[in-house]
Each structure stands twice: as C-alpha cells, then as structure tokens.
1. Across the residues of B:120-127, average count of Cβ atoms on other protein chains within 10 Å?
2. Which distance in Å, rounded to a whole number, links the C-alpha centroids of the stretch B:96-129 and the stretch B:193-257?
3. Just order B:113-120, B:276-283 by mean Cβ neighbour count inside 10 Å, highest at the front, would you?
4. With both bridge residues required to lie in the stretch B:314-437, what share of the DSSP beta bridges run antiparallel, to the nearest 5%?
5. Mind checking the angle between helix B:333-342 and chain B's longest principal axis? C-alpha axes, 0 to 90 degrees, to the nearest 10.
6. Quick one: grab the alpha carbon gyration tensor of the stretch B:139-192, order the square roots of its eigenvalues as a ≥ b ≥ c, and give me rounded if a/c is under 1.5, else prolate or oblate depending on whether a/b is larger than b/c.
7. Could you work out [θ]222 nm for chain B from helices alone, using -39500 (n - 2.57) per DSSP H run of at least four and dividing by all its residues? Round to the nearest 500 deg cm²/dmol.
8. May I ask you to list the residues of the stretch B:333-364 whose amide nitrogen lies under 19 Å from a point 7 Å from Cα along the Cα→beta-carbon direction of residue B:387?
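Derivation of every value follows stated rules applied to the coordinates shown; laboratory data play no part. Predicted model only: the values in this text are computed from it and were never measured. When we count neighbours, we look across all protein chains shown, and the Cβ atoms used for this are built from the backbone with ideal geometry, even at glycine.
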C-alpha cells in the first residue's frame, strides 16, 4: 500500500496560497455554496450585520432515524498514567477496556427521547439537553495498578457495546 | 518525540500573509462567569487550608478549585468574542467513586439552539453559548454550560493513590490529575467543539445536524456530514484518514499549528516505494526532514517472538548500521529501540501487532536512546516484511505535508477504523503534531494551550462579524492580537495602521497598571509586530496571569487579553 505517495507529489503550496484559492479547489464546494466557507480574513474588523433569516425552515419535532438508546456523538479525552515510566499518555487497548468497564460510568441516558423543545415566535428553537450529552471524566486503576483517567461520554444502555470498542491510542508504551 | 519541528519555519513563511492569532484583540469584552452551585463549606467553598501551588494563590481547597476554573474561563474569555455572558454552572460534589475507579466529573452544553434569526445556517444546531453569541442575545434563560467535578478524589475510598493538581503551571507530575487542562478541554466541548450527531449510527439529534457537521468532510466521497445519509456518516466516522475538517480558518492556520508530517519513506523496491504514515516516539531524537536512510533489517532476538526485540539481538551483525524493523509486543517500545541501538542500528521501525489505523505513537522514556524511531500499522509492516531483504527506507519528515492534516491541508478528525465512543469524530486526530488541546488522548501540553482549536471555533461562527483589516469597512488602526496565546517565554503582538502616524503599544495588568511599553512614536502605515518577553520595563519577569495589550493610534484605543502561563 502506498497511501501517500501520489498525494505528496501533488501537494499544493498551501502556505503561499490565499485561502480562497485553496477553498476553490476543494471537492464539493462548487456543488453547494457553503455559507461559512468564505475565505478567511487577513485580520479582524467589523463586518456588516448578518442578514436576518425572515422565514427559517421549521425544525422537525423528532428524529425518526434515531433509535432510542442509541449512543451519542462521541467526544471525550482519555489520559493514561504509566507508573513505571511516569509518563502521561494514551491508554493501551487493555487500559481502555478497563476504563470502559470501570464502575461509576454514569448511566445517564443520552437518548433524545423526551427532550423538551421550545419554539419562539421568531423561529428560534431551543432544545434543553436535560443534563445529557455531557462529557464524563473518569478514572480507573486497572489490575496492574495503572491509572487511566480521562473524559468520555456517558453511554447509558450502550455501555457494553462501548466496552468492545478500542480506540487506537496515541502514546502506548508497549 | 513530538516537538514543534517545522512549525517555526511555517509560521515565518506565513507571517506576511496571515493574521496569526488575532483573537485576543477581538475578544476583550467576553465574560465567562463561573456560577458556583456549591453550598457553604463544600466544593468551591471547602475551607480546608492548603499552601499555594503552581501559580495558584488560593489558600483553601475551595479557593484553589475556583481559581483553576476561573483561570480556564479566562483563557477562553481571552479568545472567544461574545457580547453575551457565558454562564458555566459548576460544582464540586462527591461523585460515584471507589478506591480504584471513579467519575472525575462531567461537562457539556446545557442546551442547543437553532433557527434563531441571525443563525448563519438554518436547520443546524448550535451549542447555546455560540448561539447566544451569534444572536447577540441570551436565547435561553438557563445557564449555558454544565460542569461538575468530584470532590472526593484522593480521599479514603476514592482513587486513593492520586489527587487533583490545582496548579496552573502544567506541573501536575506523574501521580496527580491536572484539573486545569481537564477543565479547558471539557469547556471546549461545552463551547461547541463537538457534534450532537451520533457517530455510531449517523443519526442527527432530533433530525437536525450540528453546525460542526457543515465542516466534517469525507475526502473520499466529497461530502460533508450535513450532506450525507446516516449510513455515509457512520462509514465516515470509521474511515481513518478520510474524515477531515474543511473550515477555512482551521485550514488556513493549520500550517502554523502543525509540524511537518513524520513518514516512513520506502525508497526501494519500486513495487512498494512511497510514504507510509508513521507515529512518533516520546523518546530518542525527533525525526528530521533530513532523516536517516538505510536498508531495513528485521530483528532477531532468538527468544519467544524473535522479532519483538525484547532481548539482546542475535543478528546484530546484520542490524549494525541499518534500520531495524521490530514487531510490537511483550515489552516497552523504548526497550526495543534500545536493543536495536545496542546492536548498532541507526534507526528503528516498530510495526504494530494489531490491525487499525492511524498508527499510534511510541510512548516511554529512556534518555539513553539516541536513534530515531517511529511506528507503522500492522498492514504496512507486513508489506515491508514481504519485501525483505532489499527494502531501503528513510525515517523522516515531509515538509510539504502537515502532521495531522491531509494532503490538501485539511486537519484530520479522529476517526479510527474501530468506532471509539467518547473519542471518535469530535476530536482532532492523534497524528496532530505538536499535540492539540482537543485530541482525545491527553498528552502534556503548555498550560492553557488552545492552539488550532481556536480556529475551529472561528469556523463554526465564534468570530462571525470580524473580518479583514484590509476591508474598506475597517479604515482605522487595529490590534491584530498576539501569538502564541497563551504564551510562556514570549509572544508576538501584531498591529496594523491605516496611515503613517504616531502609535503607542503598551502592556497593562488587570489592575490597570502599566507593565511594559513596547512602542511609542511614529510608524508607517502597514502591519507591525512587537515581541514581548513577559518582562516589565525594568527587565523583571512578570508573574503568570492575564495581561492587556493596548494600542493607541489614529484616534482609537484598542486592547486585547493575553494569558501568560509561566
């Protein structure tokens, strides 16, 4: 496999290009104007006030595609402390398994079921997350005495499934 | 070892055309309020006396906790502009805990909002703090971010062998948990560095994509997450190297934030030549653009898994002067590389022993290791082994590519081939080098480091309403901010004048006292840069904290916040 060979030879000199030129070459941009994809400014200064959206599209009341109990979007941070080296880094897969299995992972539901949606007269929609969609910071000493700590989403009913997922770690020591 | 190699040259290259970190100058009015939910005598109000630590002047546990939270808030305040107060409801409570495991805390947005009249994108969710900023008004009567941390850590029955570190100098050491970086990271999620779309199923929250989905881009199918089907999003989340962030600000700033990409470059045979993705080591010398080049030899230690390099090599004659190829497993990475070094190797390649991508880094410590090393995937390792002998390779960095970005310069998002709930999608990729605040796996960072993360925030709208000085709408002098920010030993402050004239640039503390004068006198029209090494006018270093840089020119006064962390 030569995953980067061709790409390397075709690397654009991004540093010397204005962002507009770079953006113009991005796949997908031409097909669909993207409101926030304007070229970055060289510096900050006031711009005209945003144009008000007079007739915002309605927000669906529910998502039929999202099954109850489905895990949320992922975001979190994991840190491993290796007592032998004293180095902070990412956990090994084994440490991650321990972390996922640790008691104390919050069982707070992350489903969207029952979330209260408020609609204002100007079209604004506010969805109270009811304490869900939080990043939970956990710590666990595994059977080898290694401390694994970090932040993961609470996973509710999907906790077991999550235990079986093993992210590739950044700084395993072995 | 992860270093800033390459970044300096790139910053210099860009300094003439890019704004650098403009953010301090733009964000002076932001207020992030820590709403202390703790009762008397507990949490933030814990009266237990402690000695000041690591730049934290608090003399009680409660005061130190509050100082760390406020410090983290100050860092974000100094970066993110909003005229609407951001309220973080926070508490330290006794959370679920046991001697060997426990919840340290949690944080996130209280609510999300969409379709407010000034929303840049209709039918997209925004974290409420960002929605408020864009709307210019408080859309929700509630607070904006939740934050709750465990007050029992280190006490009997709760993770007894460790404790929180309340210093703000990044010196948590090996046995304590750095509260500041944890709070900074978690507040980052609460401020919007997160999609509410479910990566494992591809489902939108209540059928609506998040603004982040507008910039999550799968380079293989040429679609963003808000353009895909759920099945496409699910596939994209585990695509490994395909999921990138194509927001213009993050792309523009990536060359300043990321170093040259570490690669294993196979020079021959022609059948497999090319660059292979590589993870870097925390020990030994850093990879360089010059690199080391030699034939590759598979090690043999004559015991157990003979290619794991855990014992003294018995094929030292073949390894001497060559690059050693070693299988992962059975002992530490540094030990393997040291054994190769003892056999005379000039470099070492660790091939993973489990499938997956991207290749992780090599952790460990051994100051006696003097040869460079890197890590490749199992698949790439097998490719090389299948062509031995006769493989010639270089351990190097490619200055035309960025570590943590694709070939088009788009920063990669973490999307390993196995979905990692809690890590995938809503973090930068682990191949970013230097490390970034919003990577899923924390590694030691400069205290208060915000890095490329601030530019992702620019993409999702945190700096909407702020454009180019060169724009006709500007027409006056401007403070362009400082970089790096936060900073340690020095920072560069940039300013732009529209016409020739007098200008004054000075540093003040939060008490309004002038700390240092950087310039006073005539300057020509154009952009100017001034370095501040964190010293007062007497040449004495000033203590860590928040400082204001103030520009007075062309009849206007403009100031911005800077964070000095050491």
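1. Working: counts 4, 4, 8, 6, 2, 3, 0, 2.
Mean partner-chain Cβ count within 10 Å for B:120-127: 4.
2. 18
3. Working: B:113-120: 22.8, B:276-283: 25.8.
With the highest mean Cβ count within 10 Å placed first, the list reads B:276-283, B:113-120.
4. Working: 2 of 11 bridges.
Of those bridges, close to 20 percent are antiparallel.
5. It is inclined by approximately 50 degrees.
6. Values: a/c = 3.71, a/b = 1.75, b/c = 2.12.
Oblate, because a/c is 1.5 or more while a/b does not exceed b/c.
7. Numbers: 11 runs with 98 residues, N = 566.
So the helix-based figure for chain B works out to -5000 deg cm²/dmol.
8. Counting backbone N atoms under 19 Å from the label point, the list is B:347-352, B:359.
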